[in-house]
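This report concerns only the one structure given below.
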Amino acid sequence: MTSGLWELVLKGVWTTVQLLVFSALLAAAVSFVVGAARTHRLWIVRFLAGFYTEVFRGTSALVMIFWVFFVLPIAFGWQLVPMWAGTLALGLTYGAYGSEIVRGALNAVDPAQKEGGVALGFTPWQRLRLVVLPQAVPEMIPSFCNLLIELLKGTALVSVMGMGDLTFSAGLVRLALQQSAEIYTYVLLIYFAIAFVLTRLMRALEKRLKAGIGKEAGTFSAARELKRAQTTGVGGSGVV
C-alpha cells in the first residue's frame with residue numbers, strides 16, 4: 001500500500017479508538033447507575049431499571065445505530081454527528097449488558113458486610129461507596145473486560161453511517177487496490193492488537209484492585225469491632 005492509503009487506515013484506527021473510549025465511558029456510567037438501581041429498595045426504581053435493561057439488551061446494536069442516526073432527526077429534529085450517534089447507540093446498548101454485571105456483583109457481596117455498614121451508622125450511599133463497591137468492583141473486572149472487547153468489535157457497526165472508522169477506511173482501501181485478502185488481514189491484526197492491549201490493562205487493573213481488598217476489609221472490620229465495643233462498653237473506659 002502507498003503511504004497515503006496507510007494514512008487513511010491509521011486515521012480509521014484513531015477514529016475507532018476515540019469511539020471506543022467515548023462509548024466505553026458512557027456504557028460504564030450507565031452500567032453502574034442502572035445496575036445499582038436494580039438493587040434499590042423501591043420497586044418502581046427496580047422496575048424502571050429492569051425495563052431499560054430488557055429494552056436495550058433485546059434490540060440490535062446495528063438497528064439502534066440506524067435509529068439514532070436516521071430516525072432521531074426525523075422524529076425529534078436532533079441531528080447528531082456520526083461520532084456522537086455511534087457513542088450514544090453503543091454506550092446505551094452495551095451499558096444494558098454491563099448493568100447486569102454490576103447487579104450480580106453487588107448482590108454477591110456478603111450481607112454481613114452491609115449489616116456492618118448499618119451498625120456503623122452509614123447512609124445507603126456511604127454503604128454503597130465505602131463497603132459494597134470496593135468489594136464488588138474487582139469481581140466485575142473480568143466480565144467488563146469481555147464486554148469491552150465486544151464493544152471494540154461493535155465499533156465496526158458505525159461504518160454503516162459512513163463514519164471513517166477502521167472498517168470503513170479498510171473498505172475504501174480495498175476498493176482502491178482490489179486486494180481484499182491483504183487489507184482485511186491487516187484489519188484483523190489491528191483489531192487483535194487493540195484487544196490484546198485492552199486485555200492486559202484490564203488484568204493489571206484487576207490484580208491491583210484485588211490486592212487492596214484485604215487491606216480495606218481489615219480496616220472496615222476493625223472499625224466495626226470498635227463501634228461494637230463502644231456500644232457495649234467492652235474494652236472501653238467503663239471496664240474497671
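Cβ-Cβ distance of Val33 and Val81, R₀ of 30 Å, FRET efficiency by 1/(1 + (r/R0)^6): the value works out to about 0.75. Accessible area per residue for region 3-213 is 53 Å², calculated with a 1.4 Å probe on protein heavy atoms, without ligands, DNA or RNA.
Evaluate the charge dipole of the chain about its Cα centre and quote only its size in Debye, nearest 20, assuming +1 on the Cβ of each Lys and Arg and -1 on the Cβ of each Asp and Glu. List each step's numbers first, then the result.
Values: 20 positive and 12 negative charges, 150 e Å.
My answer is approximately 720 debye.
May I ask you to give the percent of accessible area on region 1-113 that is carbon plus sulfur, with a probe radius of 1.4 Å? Roughly 73 percent of what the probe reaches on region 1-113 is carbon or sulfur. Helix 213-232 axis versus longest C-alpha principal axis of the chain: approximately 30°, rounded to the nearest ten.
Looking at [x] -0.52, -0.88, -0.97; [y] -0.45, -0.83, -0.92; [z] -0.33, -0.72, -0.84, which value of log10 I(q)/I(0) by the Debye sum over Cα atoms at q = 0.09, 0.13, 0.14 Å⁻¹ comes from a calculation on the structure shown? Read-out from the structure maps to [x].
Measuring r between the beta carbons of Ala181 and His40 and using R0 = 30 Å, the FRET efficiency lands at 0.05.
How big is the equivalent ellipsoid of region 1-144 along its three axes, where each semi-axis is √(5λ) from the Cα gyration tensor, reported in whole Å from largest to smallest? Before the final figure, lay out the partial values.
Details: eigenvalues 265, 80, 26 Å².
In descending order the semi-axes read 36, 20, 11 Å.
The trypsin sites (Lys or Arg not before Pro) of region 13-81 that meet both conditions, a loop assignment by DSSP and at most 11 other Cβ atoms within 10 Å of the site Cβ, are Arg41.
Do the sum for the chain: with -39,500 (n - 2.57) for every DSSP H run of n ≥ 4, divided by all residues, what is the mean residue ellipticity at 222 nm, to the nearest 500 deg cm²/dmol? Write down the numbers at each step before the final one.
Working: 10 runs with 183 residues, N = 240.
Only helices count here, giving -26000 deg cm²/dmol.
Sequence-ordered 3J(HN,Hα) estimates for region 183-191 from the Karplus curve with 6.51, -1.76 and 1.60 and θ = phi - 60° stand at 5, 6, 5, 4, 5, 4, 5, 5, 4 Hz, glycine and proline given as x.
For the chain, relative contact order (Cα pairs under 8 Å, six or more residues apart, normalised by length) works out to 25 percent.
The values are calculated or read from the model by the stated rules, or taken from the named source; none is laboratory data. Since the model is a prediction, treat every value here as computed from it, not as a measurement. Every residue, glycine as well, gets a Cβ built from its backbone with ideal geometry; the counts of neighbours run over all protein chains shown. SASA here: full protein model, heavy atoms, side chains in, ligands and nucleic acids out. Shrake-Rupley method; radii C 1.70, N 1.55, O 1.52, S 1.80 Å.
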